[in-house]
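Here the structure is laid out as structure tokens; the discussion comes afterwards.
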Amino acid sequence: MLVTLHYDYVPDVLTRRTAFRDAHLALIREWHAQGKLRSAGAYDPPTDGALFVFDVASPAEVESFVARDPYARNGIVTGKRIRPWTVVVGG
């Protein structure tokens with residue numbers, strides 16, 4: 001099942017993320033290496049948030065990612081949306 005995660009960030013994300021960036025990227029790499037995360041990245045500009053595409057058994061797995069994410073745990077993320085994604089082409 002493909003599931004998207006959209007993050008909204010604090011306005012000063014570029015400054016505030018510095019202390020947590022390495023741990024955030026390590027978590028992303030871990031999930032990607034396990035085959036659970038297909039793509040992830042910030043929008044341009046990063047203040048617009050980020051998008052992740054997961055390949056998991058259920059949206060609950062994405063909730064567990066968020067619970068471990070240093071950005072979410074330390075107030076960098078101000079909002080999130082987790083949605084199952086029905087792909088009609090590609091994917």
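The values are calculated or read from the model by the stated rules, or taken from the named source; none is laboratory data. Since the structure is predicted, the reported quantities are computational estimates derived from the model, not experimental observations. The accessibility values were calculated without ligands, DNA or RNA, using every heavy atom of the protein model including side chains. Shrake-Rupley method; radii C 1.70, N 1.55, O 1.52, S 1.80 Å.
Using only Cα positions of the chain, each an equal point scatterer, no hydration layer, compute I(q)/I(0) via Debye at q = 0.12, 0.25 Å⁻¹ and quote the log10 values to two decimals. Calculated log10 I(q)/I(0) at the listed q: -0.34, -1.40. Taken one residue at a time, the phi angles of the range 50-58 give Karplus couplings (6.51, -1.76, 1.60, θ = phi - 60°) of 8, 10, 10, 10, 9, 10, 9, 6, 7 Hz. Gly and Pro are set to x.
What accessible area per residue comes out for the chain, rounded to a whole number of Å², with a 1.4 Å probe? Walk me through the intermediate numbers first.
Values: 5240 Å² over 91 residues.
Result: 58 Å² per residue.
Within the listed set THR47, THR78, THR18, the residue fluctuating most in the Gaussian network model of the chain (springs between alpha-carbon atoms under 10 angstrom) is THR18.
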